Amino acid sequence: MGAYMRDIAILTLLVAVTACIPPGRTDYTSPPPPPPQLPVESVDFGTAPEQAPLSTWQASPVTANAQRVETGTYIVQPGDTLRGIANKTGAGSQIIAAANGLVEPYVIHPGQQLKITGGRYHAVKSGETGIAIARAYGAPWRDVVALNQLEEPYILRVGQKLLLPASAPSDPASLSIEQRAAAFDLDIDDIVTGSQPALADGAVAGEESEWRKAVTPNVTIATPTNFAGRFRWPVDGRILSGFGSKGGGKVNDGLNIAVPKGTPIRAAADGVIAYSGDEIGVFGGLILINHGAGWVTAYGHADKLDVTRGQTVKAGEIIGLAGESGYVQEPQLHFEIRKDRKPVDPNMHLPKRG
C-alpha cells in the first residue's frame, strides 16, 4: 500500500502524547491532510463534534509492567487449584488450561504435570480495558484476543493475566510516539470488543442500561440479543460511494451518502451505543451501535453527537447530525453494517429505495 493509503489511515487519539493507526481501508479520493503534530493535544479536522465523551478504552490508565514467565513444567501438589498455580507461576490460568487441554471445571490431580507457556503476562487491574492494555504495549488488540482465546463479550477480570504477543515491543516505554503509533493497530470492531472495563473477580456484567441512560467509561454495558438483522436508512441522500472495491487497493467498507450539513442521523435499528466520540481521525465524529447477535452499525463524519456510550436507542431515533468532520471535504454520512466483525454490503440489509 502506498504512502497515500498509509497517511489516510492515520488515527488520532485525543489523549496525551499518543496516536494510533487504523486499517488502510478507505475510498476517499481527496488529498490527505498533513499528519498531525506530535505530541497530540488537539487536532482540528473541521467542525469538532460536540458532547464527545472520554475515550471508552481509557477508563483507567494502564502501566506497561508485564512480568516475564519462563516456559516450563509444573507438578500439581495436593490442594492446588488452577488459579493458585497461575499465581505461583505468573502465567495466566486460561493459558495454562489451553496448553494442557483442560476444560471446565478444570479438574487437576496431584502429580499431574502441566505445561507452562512462557512469555510476558500483564495482570489486569481494575477499570482497565482490552484496547488500553494492547495500546500500552503497542500490540494489536485482535492479536491479544486470539492469543488468549478470548470470547464475546470480551469482558476481562481483575487479576486476569493476559499473554502478550511475542511481536509486542519488549520495552514499550522506550518507544517514540511515531513508533508506538506504527506498532498499534485499531479498527471499528476493536472499539466494540475491547472497550469493556475489567470487572471485579466474581462480578457479573450489568443488565442492559435503561432508556436514555448514559454510563461512564468504567462501567460495562450489556449486549443486546435476538436481533434479526433488519435495518432502516440512517439518512436520505445521494450515494457518493458504494460498498466494495474501488480499484487501486482501495475498499469502502460501507456507503458514503451525501446530505446537507446538520441533517439528522437516525439509528438504523434498536441497540446500545457502544461508542460516541471523535478519536478516530479519518471518521471524525463517529457513533457505533451494538445491535446484538454480532450486528454493529457505524456512522461517521458526524458534526454533532447526541448520544453517549451505554445509552439505549430505538430505530429511527436521532443520534447526531451529519457534517464533514474527518477526512472528507463535503457533508456526508459514512455508514457501515458489520456482522461478526466483517463489513457487509448495507444494500443487502436496507429497504429498497425508489
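Structure values in brief
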quantity: Pair list, Cβ < 7 Å and 6+ apart or interchain, from the stretch 332-354 residues that are under 24 Å from Gly284 (Cα atoms) to residues that are at pLDDT 90 or above and of a type in the set (Lys, Arg); calculated: Val344/Arg338
quantity: Which numbered condition Lys261 fails, given (1) part of a loop (DSSP other than H, G, I, E, B); (2) closer than 21 Å to Ala228 by Cα; calculated: (2)
quantity: Out of Val158, Val144, Val107, Val62, sole residue that is out of contact with any helix residue (DSSP H, G or I) (no Cβ under 7 Å at 6 or more places or on another chain) and under 30 Å from His291 (Cβ atoms); calculated: Val158
quantity: Selected residue (criterion: surrounded by the fewest Cβ atoms within 10 Å (Cβ to Cβ)) from residues of the stretch 312-354 that are among the small types (Gly, Ala, Ser) and farther than 18 Å from Val272 by Cα; calculated: Gly354
quantity: All positions within the stretch 236-282 that are surrounded by fewer than 23 Cβ atoms within 10 Å (Cβ to Cβ) and among the aromatic types (Phe, Trp, Tyr); calculated: Phe243
quantity: Test: residue in the stretch 128-148 that is more than 25 Å from Gly72 (Cα to Cα) and part of a strand (DSSP E or B); calculated: yes
quantity: Output for the stretch 290-311, where each listed residue is polar (S, T, N, Q) and buried (at least 22 other Cβ atoms within 10 Å of the Cβ); calculated: Asn290, Thr297, Gln311
quantity: Residues of the stretch 292-310 classified as in a strand (DSSP E or B) and farther than 18 Å from Asn347 by Cα, total; calculated: 6
quantity: Failed criterion for Ser170 (all others in (1) more than 20 Å from the chain's Cα centre (by Cα); (2) at pLDDT 80 or above hold); calculated: (2)
quantity: Filter result (among the β-branched types (Val, Ile, Thr) and at pLDDT 95 or above) within the stretch 63-80; calculated: Val69, Thr71, Thr73, Ile75, Val76
quantity: Odd one out for Leu199 among (1) surrounded by fewer than 19 Cβ atoms within 10 Å (Cβ to Cβ); (2) of a type outside the set (Val, Ile, Thr); (3) modelled with pLDDT under 65; calculated: (1)
quantity: Output for the stretch 117-127, where each listed residue is in a loop (DSSP other than H, G, I, E, B) and either on the phi < 0 side of the Ramachandran plot or without any contact (Cβ under 8 Å) to a residue 24 or more places away in the chain (or both); calculated: Thr117, Gly118, Val124, Lys125, Ser126
quantity: Of all residues in the stretch 76-116 being touching a strand residue (DSSP E or B) at 6+ places or on another chain (Cβ under 7 Å), in contact (Cβ under 8 Å) with a residue 40 or more places away in the chain and under 18 Å from Ala166 (Cβ atoms), the one that is surrounded by the most Cβ atoms within 10 Å (Cβ to Cβ); calculated: Ala91
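The values are calculated or read from the model by the stated rules, or taken from the named source; none is laboratory data. As the structure is a computational prediction, the values presented were derived from the model and not from experiment. Note: ideal-geometry Cβ built from the backbone for every residue, glycine included; neighbour counts use all protein chains shown.
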